[in-house]
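Remarks on the structure that follows.
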Amino acid sequence: MFTSGTTGQPKAALHSHNTAWSAGRPLPEALRLAADDVCFMASTVGHLTGFFWGTYLPLSTGQKVVYQDEWDPRGLVDIIDREGITWTLSATPFAMDMIEAQKAQPRPLSSFRAFACGGAPIPRPPRSPCRNISASTWCPCGA
């Protein structure tokens, strides 16, 4: 697998089944995830985030996963309740885009309860809009 890491330069990383499993193992407990939860994944499955948390973890727990062909925050907030999406894990820019889309045209988002965010912290003022969309935020890495 190749990653750009924090420098932006491509580098190869070798992951075994054990490293993949240990990377994803704490998340279901931290977010209280179960087989009936529905994951949304904005990242491509060729990216570490999309592979581990948008493919590997949902497959290991029996969850449905919803993907978009290309990132569309308005499209995401439009489909959350229709698809029953309960959680996602993405980088901070995805969270900020989603918050802006929800502020521009509020939707119920009643099924959505958790946004795990990595790579950078979510700035403090936008955390309260996360609560307004009924989701808690959890920053597992890079924050």
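Within segment 20-30, the presence of at least one residue that is modelled with pLDDT under 90 and of a type in the set (Asp, Glu) is confirmed.
Answer yes if at least one residue in segment 55-76 is in a helix (DSSP H, G or I), in contact (Cβ under 8 Å) with a residue 24 or more places away in the chain, within 17 Å of SER111 (Cα to Cα) and not charged (D, E, K, R), and no otherwise. Yes; the residues of segment 55-76 include at least one that is in a helix (DSSP H, G or I), in contact (Cβ under 8 Å) with a residue 24 or more places away in the chain, within 17 Å of SER111 (Cα to Cα) and not charged (D, E, K, R). Specify the residue that is farthest from ILE80 (Cα to Cα); the eligible residues are those in segment 102-116 that are among the hydrophobic types (A, V, I, L, M, F, W, C) and either assigned to a loop (DSSP other than H, G, I, E, B) or out of contact with any Leu (no Cβ under 7 Å at 6 or more places or on another chain) (or both). Among residues in segment 102-116 that are among the hydrophobic types (A, V, I, L, M, F, W, C) and either assigned to a loop (DSSP other than H, G, I, E, B) or out of contact with any Leu (no Cβ under 7 Å at 6 or more places or on another chain) (or both), the one farthest from ILE80 (Cα to Cα) is ALA104. Residues being at pLDDT below 90 and more than 20 Å from ARG25 (Cα to Cα) are represented in segment 82-92 by at least one member.
Of all the residues in segment 26-46, those that are surrounded by 12 or more Cβ atoms within 10 Å (Cβ to Cβ) and assigned to a loop (DSSP other than H, G, I, E, B) number 7. Given the structure, is THR49 hydroxyl-bearing (Ser, Thr, Tyr), in contact (Cβ under 8 Å) with a residue 12 or more places away in the chain, assigned to a strand (DSSP E or B) and closer than 29 Å to THR6 by Cα? Taking the combined requirement at face value, the residue does not satisfy it.
LEU59: more than 15 Å from ILE85 (Cα to Cα), at pLDDT 85 or above and out of contact with any Gly (no Cβ under 6 Å at 6 or more places or on another chain), yes or no?
Spelling it out, LEU59 is indeed more than 15 Å from ILE85 (Cα to Cα), at pLDDT 85 or above and out of contact with any Gly (no Cβ under 6 Å at 6 or more places or on another chain).
Among the candidates ILE133, ILE122, which residue alone is surrounded by 15 or more Cβ atoms within 10 Å (Cβ to Cβ), farther than 24 Å from PHE52 by Cα and at pLDDT below 90? Step by step, each of ILE133, ILE122 is checked, and only ILE133 is surrounded by 15 or more Cβ atoms within 10 Å (Cβ to Cβ), farther than 24 Å from PHE52 by Cα and at pLDDT below 90.
Would you be able to tell me the number of residues in segment 90-101 that are assigned to a helix (DSSP H, G or I) and either more than 17 Å from the chain's Cα centre (by Cα) or among the small types (Gly, Ala, Ser) (or both)? The number of residues fulfilling the criteria is 2. In the condition set (1) in contact with an Asp or Glu (Cβ under 7 Å, 6 or more places away or on another chain); (2) within 10 Å of PHE40 (Cβ to Cβ), LEU109 is compliant with all but (2).
The values are calculated or read from the model by the stated rules, or taken from the named source; none is laboratory data. Quantities reported herein were computed from a predicted structural model and do not represent experimental measurements. Glycine gets a Cβ as well: all are built from the backbone with ideal geometry, and neighbour counts include every protein chain shown.
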